[in-house]
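Participant: Pasting a structure below so you can have a look.
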Amino acid sequence: MPDSADTTGDGISAAAQAEVDRRDRTLAGFLRRALFRNRVQLLGGVLFAVLLPLAFRFDLADVPLTQSSLANTIIGATIALTLGFFFYRRLTDYPGTEGISYAVPVFALAYGAVLVLFVFLRLDYSRYLFGASYLMAVIWFTALSIAVVRLRTYRIGIVPGGSVATLADPGSVRWERLSESRALPRGLNAVVADLRSDFSPEWERFIAETAIAGTPVFHVKQLQERLTGRVEIEHLSENTLGALNPDDLYLKIKQAIDWLGALLALLLTLPFLVAIAVVIRLESKGPALFSQARMGYRGNVFTLYKFRTMTTERDGAQSAREQAMTQDDDRRITRFGRFLRRTRLDELPQMINILRGEMSWIGPRPEAVPLSEWYEKELPFYRYRHIVRPGISGWAQVMQGHVASPDQVLGKLHYDFYYIKNFSPWLDLLIVLKTIRTMLTGFGAR
């Protein structure tokens, strides 16, 4: 253990702590701290995205606020900006989500909602100012996200003992291993400890005082989940997952939204779906649609529909389980089928499964019955993922991609459990946005 003369009470070197204190007292340190405050970010957004377009268009001392169209635009843009900021912050709270990628779609949703309200209520508004406000909001929050990523370094103190050695290093965290319990940490964003460990009275007092002082104290598994987006599986207990049943009200609301969305999407895309089916039939022999028995909601087997992306040839030497797997560069995949897989367009016929109440737009991917039965033998608690409806896209797909081996499936199960534990419209919206990016990049396709 370092000598007490060389360390502060929280185990951080005295020289390092002095440097932190010096930086915090400077003007740059003040501005850096202010930049991370929600009210500063929102106020800056209003100034940049609402008032600045006005300054370009009018003399601020002579803005004609009596014009109803101008007043409506200012109020609507302020509401859209505030709504977008709220959505933006909720989505970027999830792990693996950098705000840089989501300013455009999130604020498009917020400004689009206000625009629909303008049209529905037949309110006059300035198209120039409203469009300029959206553009400036995207620029402001994108630049803000870049600055935050470059300036923010999370400093988290680690209380010794237990399983803290298993903490992941996402690259955005500076770990400070605490060696003494005599003083509260200074300059730390949070403290992490294995709260199931038996601590000495001194360390217990330190943890309690840290929490009372307002510094967040995380259990090691709780912080691990926030950093990785995975729930590590040891046993099904309320300490790990919270309540084992997801929100029943949101389950029902989500099913209604899924059904209406699938019906509308099917009607709008029907000519496009027919064109895909024709190309599939022209490229190779066999039906345009592929159907397969999958394990679904509450462990019930259902028939899943996809566009066929492989030839109909079957290798008699392969088992049903092997035939159900798609390997890297699988020779059975057709040329057009590879495009459909990369863009995820092969999944569109599952809108039929959504209309039948068997699937959702978002949820754990349903596995073929032979694979599901195999995973249940190999992996503990695999069946728990059936507590929500399977989806066309899911948290595991956008975070991990396609997997098949038991070790990889165990990792996917960790992501599925994270989704179930954090089951909410915010996480579903984030998965939708990540899915769109996946469709554009082809991440995880086979």
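Derivation of every value follows stated rules applied to the coordinates shown; laboratory data play no part. Note that the structure is a prediction, hence the values are computed from the model and not measured.
Participant: Give me, ordered by chain and number, the residues 5 or more places off GLY391 or on other chains with an amide H under 5 Å from its own placed amide H.
Facilitator: Residues meeting the criterion, in which the H sits 1.01 Å from N, are SER360, GLY363, ARG365.
Participant: Also: Search the structure for amide H atoms under 5 Å from the amide H of TYR154, placed 1.01 Å from N in the peptide plane, and list their residues when 5 or more places away or on another chain.
Facilitator: Excluding prolines and chain starts, which carry no amide H, the hits are ARG174.
Participant: Then there's this: Would you work out the relative contact order for region 37-151, in percent, from Cα pairs under 8 angstrom that are 6 or more residues apart?
Facilitator: Relative contact order, region 37-151: 39 percent.
Participant: Let me ask you something else. How big is region 37-151 on each of its three principal axes, counting only the C-alpha atoms and giving the largest first in Å?
Facilitator: Projected onto its principal axes, the Cα set of region 37-151 covers 45, 32, 20 Å.
Participant: Let me ask another. Whole-Å semi-axes of region 153-228's equivalent ellipsoid, largest first, each the root of 5 times a Cα gyration tensor eigenvalue? List each step's numbers first, then the result.
Facilitator: Details: eigenvalues 68, 41, 22 Å².
After scaling each eigenvalue by five and taking roots: 18, 14, 10 Å.
Participant: Can you tell me which lysines have their Cα less than 18 Å from the Cα of LYS254? Leave out same-chain residues fewer than eight positions away.
Facilitator: LYS421
Participant: Got a sec to turn the phi values of region 272-287 into Karplus ³J(HN,Hα) couplings, 6.51 cos²θ - 1.76 cosθ + 1.60 with θ = phi - 60°, whole Hz, x for Gly and Pro?
Facilitator: Those phi angles translate into 5, 5, 5, 4, 4, 4, 5, 4, 4, 5, 6, 7, 8, 6, x, x Hz.
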